[in-house]
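Visitor: Here it is, the structure in full.
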Amino acid sequence: MTVTIHDLRSWKSAGQRWAMLTAYDFPTAQILDRAGVPVLLVGDSVGRNVLGYANELPVTMEEMLHHTRAVARGVEHAMVVGDMPFMSFQASIEDGIRNAGRLVKEGGAHAVKLEGAQFDLVHRLVDIGIPVMAHIGLTPQSVYGLGGYRVQGRGEAAAKVLDQAHALEKAGAFSIVLEAMPADLGAEIATELQIPTIGIGAGSGTDAQVLVINDLLGLNEKVPKFAKAYTDLRQTITTAVERFVADVETGAFPDEEHTYS
């Protein structure tokens, strides 16, 4: 059975914490799904972590569809959430509806994620049957407007973030990502909202936590303060490749075991 928005809401009611991870391809999605991760986010972070862009802004709708389809093919149980890339919804409600529909219809996503205070669009999407995960605090698509990747919601700005959270819940979002904000604000939002809150750099008081898979696996050279590398695959891969190169250069590979007679 695929995890649904009702499962997430019931977990919040029961006080059951859960994890979300990003996934960008079929084999990773398959591994994470079988490992029991209930929600996979095909994030526009694919731009920095897979495609080599400096930030998320260049990511196109076609690229998001390509990676969402790959992830959807790899899961049996996890909910797949497709991220709406920059300028796929900001210009008009109609653009947002059209592109959200594409992520579900063509990409195989079970839900979409929207950055920012998109109250009207959230309401329209939910009204036509597309579940929406909201995202406030640090919104990477607004990196230039925010003046960089900075913590949001400190001091007097906390009230605005809290108001946005309530308004997005009222608009119909089934969950909300809280990124890079003081831990006490993250906990306050989680307490006041009926929908699940998913923290990334928002403290331990949220209902769930999300990490970028490349950060978790130690694939990136630098890991943000709010992330944790649970292993060092960058070094593991480097070591394996160096061994292969050495074996080829010395003639040790392929040996008899790896050769057809």
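Table: residues versus (1) under 18 Å from the mean Cα position of the chain (by Cα); (2) assigned by TED's automatic domain parsing to the domain that holds Tyr24; (3) part of a helix (DSSP H, G or I).
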position	(1), (2), (3)
Gly205	no, yes, no
Val210	yes, yes, no
Asp215	yes, yes, yes
Asn220	yes, yes, no
Phe226	yes, yes, no
Thr239	no, no, yes
Arg243	no, no, yes
Ala246	no, no, yes
Ala252	no, no, no
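Visitor: I've got another one for you. Residue check: is Ala109 within 19 Å of Thr28 (Cβ to Cβ), of a type in the set (A, V, I, L, M) and assigned by TED's automatic domain parsing to the domain that holds Asp44? Let's see the steps before the verdict.
Guide: Numbers: within 19 Å of Thr28 (Cβ to Cβ): yes; of a type in the set (A, V, I, L, M): yes; assigned by TED's automatic domain parsing to the domain that holds Asp44: yes.
So Ala109 passes the test.
Visitor: Still on this structure: Being part of a loop (DSSP other than H, G, I, E, B) and out of contact with any Lys or Arg (no Cβ under 8 Å at 6 or more places or on another chain) is the filter here; which residues of segment 121-141 pass it? Reasoning before the result, please.
Guide: As a first pass, look at segment 121-141 and keep what is part of a loop (DSSP other than H, G, I, E, B): 128-131, 138-139.
Those that are part of a loop (DSSP other than H, G, I, E, B) and out of contact with any Lys or Arg (no Cβ under 8 Å at 6 or more places or on another chain): Ile128, Gly129, Ile130, Pro131, Thr139.
Visitor: Here's a follow-up. Applying the selection to segment 49-77, what residues are under 14 Å from the mean Cα position of the chain (by Cα) and more than 23 Å from Ser175 (Cβ to Cβ)?
Guide: Val50
Visitor: If a residue counts only when it is touching a strand residue (DSSP E or B) at 6+ places or on another chain (Cβ under 7 Å), closer than 23 Å to Gln90 by Cβ and assigned by TED's automatic domain parsing to the domain that holds Gly116, which helices (runs of 4 or more DSSP H) contained entirely in segment 142-194 have at least 2 such residues?
Guide: Values: elements: 143-146, 157-171, 183-192.
Qualifying helices (runs of 4 or more DSSP H): 157-171.
Visitor: Among the residues of segment 220-261, which ones are of a type in the set (S, T, N, Q) and either surrounded by 10 or more Cβ atoms within 10 Å (Cβ to Cβ) or modelled with pLDDT of 95 or more (or both)?
Guide: Residues of segment 220-261 of a type in the set (S, T, N, Q): 220, 231, 235-236, 238-239, 250, 259, 261.
The answer is Asn220, Thr231, Gln235, Thr236, Thr238, Thr239, Thr250, Thr259.
Visitor: Going through segment 91-122 one residue at a time, which ones are surrounded by fewer than 16 Cβ atoms within 10 Å (Cβ to Cβ) and without any contact (Cβ under 8 Å) to a residue 12 or more places away in the chain?
Guide: If the condition is that a residue be surrounded by fewer than 16 Cβ atoms within 10 Å (Cβ to Cβ) and without any contact (Cβ under 8 Å) to a residue 12 or more places away in the chain, then Ala91, Ser92, Glu94, Arg98, Lys105 are the ones that fit.
Visitor: Are there any helices (runs of 4 or more DSSP H) wholly within segment 13-102 with 1 or more residues that are acidic (Asp, Glu) and closer than 25 Å to Gly199 by Cβ, and if so which?
Guide: Details: elements: 26-34, 46-49, 61-74.
Output list reads 26-34.
Visitor: Looking at segment 80-87, is at least one residue more than 20 Å from Gln141 (Cα to Cα), in contact with a Gly (Cβ under 6 Å, 6 or more places away or on another chain), hydrophobic (A, V, I, L, M, F, W, C) and buried (at least 16 other Cβ atoms within 10 Å of the Cβ)?
Guide: No: segment 80-87 contains no residue that is more than 20 Å from Gln141 (Cα to Cα), in contact with a Gly (Cβ under 6 Å, 6 or more places away or on another chain), hydrophobic (A, V, I, L, M, F, W, C) and buried (at least 16 other Cβ atoms within 10 Å of the Cβ).
So that you can scan it fast, the table gives a plain yes or no per residue for (1) surrounded by 23 or more Cβ atoms within 10 Å (Cβ to Cβ); (2) touching a Phe, Trp or Tyr at 6+ places or on another chain (Cβ under 8 Å); (3) not hydrophobic (A, V, I, L, M, F, W, C):
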{"position": "Arg124", "(1), (2), (3)": "no, no, yes"}
{"position": "His135", "(1), (2), (3)": "yes, no, yes"}
{"position": "Ala157", "(1), (2), (3)": "no, no, no"}
{"position": "His166", "(1), (2), (3)": "no, no, yes"}
{"position": "Leu185", "(1), (2), (3)": "yes, no, no"}
{"position": "Ile189", "(1), (2), (3)": "yes, no, no"}
{"position": "Gly203", "(1), (2), (3)": "no, no, yes"}
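Visitor: Only one of (1) assigned by TED's automatic domain parsing to the domain that holds Gly47; (2) not in a helix (DSSP H, G or I) fails for Ser261. Which number is that?
Guide: (1)
The values are calculated or read from the model by the stated rules, or taken from the named source; none is laboratory data. Keep in mind it's a predicted model, so treat the numbers as computed, not measured. Every residue, glycine as well, gets a Cβ built from its backbone with ideal geometry; the counts of neighbours run over all protein chains shown.
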